[in-house]
Each structure stands twice: as structure tokens, then as C-alpha cells.
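Peer 1: Below are the C-alpha cells for one structure; questions will follow.
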Amino acid sequence: MKAIWREYKHKEQVLESRLKELEDKLHTETIVSNQTKEFLQSKQTYLTNKVAEWETKYDNEVADIDSTITQVTNKRSQLLERLFALQERRQQDIIRDDEELAALKRKQDEIKAAKVLSKKQNRAARTLQRELRNFLKRKRTLELLQGGSKKKGGKDKGKKGKK
């Protein structure tokens, strides 16, 4: 019986040592598990806070960008209105300039036509005067040739007589 008792005692000691090892292992695993759990919980809290920060930052940036877009759109609208007004004014200026240029050209053409007409009239007057002088010269020459002694009074009588 002692042998059986020793054998059981030995098995008991082996089982107790194995139990002790398993309890140590369980204790170690529990500690590691708790530390891992704490780490993961702190990491989750940290990441949750970071997500909240990033969402806030995103919302702020989107609001800023929307504000900027609104401002740029309004400024663009104002500039387009100004551009259209300036284009219309420029078009009116061009039309007015064209009209003034056409009026100036017409006036220059009238002045030129008046100068041409004046030159023609002067030339015609000079030609008439020259022809009249030539005529009178020929007439005097002819009168001198026909009767050098007749006077101008006689000429009038002679002319009356011819009628």
C-alpha cells in the first residue's frame, strides 16, 4: 500500500506542480490580456478623439471653402456685370467714334469738294477773263485795222446803222 500511496503522492505532486504551472500561466495570460485590453481601450479612445478632431477640422475647412466659393462667385458675378457694362460702353464709344469719324470725313469731303469747286470757278473766271481780254484785244486790233480814224462814238453809230 505504501507503494500505491507513494505512487499517488508522486502523481499528486506532479499534478500539483502542473496545476501550479497552469495557474502561473493563467495568471500571466490574465495580466497580458488585461494590459492588452487597457492598451486597446486607450488606443480606441485616442483614435475616437482623433476622429472627432479630424471631423471638426474637416467641417471647419469645408465651411471655409464654401465661404470662399461664395465670395469668389459673388465677385465673379460683380466682375461679369462690370465687364458687360464696360463692353456696352465701349461699343457705344466705338459707334460714337465711327459716327464722328464719318462726320469728319464728310466735312473733309465737303471742304475738298468746295476747294475743287472753288478751283474750278477760279479757273473758269480766269479763263473767262483771259478770253474776254483776248476778245477785247482782237476787237481793238480789228477796229484799228478797219478804220483807224473812227472813234468809239462812231462805232456806236455804225452799229446802230447796221441794224
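Peer 1: Which listed residue (Leu79, Gln44, Leu19) has the Cα farthest towards the positive end of the charge dipole for the stretch 2-142, taking +1 on Lys and Arg C-beta and -1 on Asp and Glu C-beta about the Cα centre?
Peer 2: Leu79
Peer 1: What's the local net charge at Ile69, with K and R +1, D and E -1, over the other residues with C-beta under 15 Å away?
Peer 2: Summing Lys/Arg as +1 and Asp/Glu as -1 gives -1.
Peer 1: Over all alpha-carbon pairs of the chain, lay out the pair-distance distribution in 5 Å bins, whole %, shortest bin first.
Peer 2: Values per bin, smallest distances first: 2, 5, 5, 4, 4, 4, 4, 4, 3, 4, 3, 3, 3, 3, 3, 3, 3, 3, 3, 2, 3, 2, 2, 2, 2, 2, 2, 2, 2, 2, 2, 1, 1, 1, 1, 1, 1, 1, 1, 1, 0, 0.
Peer 1: Hey, another quick one. With each label point set 7 Å from Cα along the Cα-Cβ vector, what nm distance links Thr127 and Leu104?
Peer 2: Computed distance between label sites Thr127 and Leu104 equals 3.6 nm.
Peer 1: Right, another one. Net charge near His27, counting Lys/Arg +1 and Asp/Glu -1 over other residues with Cβ under 13 Å of its Cβ?
Peer 2: Neighbourhood net charge equals -2.
Peer 1: So what's the angle, to the nearest 10 degrees on a 0 to 90 scale, between helix 152-162 and the longest Cα principal axis of the chain?
Peer 2: Once rounded, the angle reads 80 degrees.
Peer 1: If I stretch the segment between Lys139 and Asp24 completely, what's the gain in nm (0.36 nm per residue apart, minus their alpha carbon distance), one decimal?
Peer 2: 25.0 nm
Peer 1: Net charge within 14 Å of Ile4 by Cβ-Cβ distance, Lys/Arg positive one each and Asp/Glu negative one each, not counting Ile4 itself? Write down the numbers at each step before the final one.
Peer 2: Numbers: positive: Lys2, Arg6, Lys9, Lys11; negative: Glu7, Glu12.
Neighbour charge sum, excluding Ile4 itself: +2.
Peer 1: If you don't mind, another one. With a cap of 12 neighbouring Cβ atoms within 10 Å, and only residues DSSP puts in a loop, list the trypsin sites (Lys or Arg not before Pro) found in the stretch 26-103.
Peer 2: Counting only loop positions with at most 12 other Cβ atoms within 10 Å, none of the trypsin sites (Lys or Arg not before Pro) in the stretch 26-103 qualifies.
Here, each number is a calculation from the coordinates, and none is a lab measurement. Computed from a predicted model, the values in this text were never measured in an experiment. In this analysis, Cβ positions are derived from the backbone assuming ideal geometry, glycine residues included, and neighbour counts consider all displayed protein chains.
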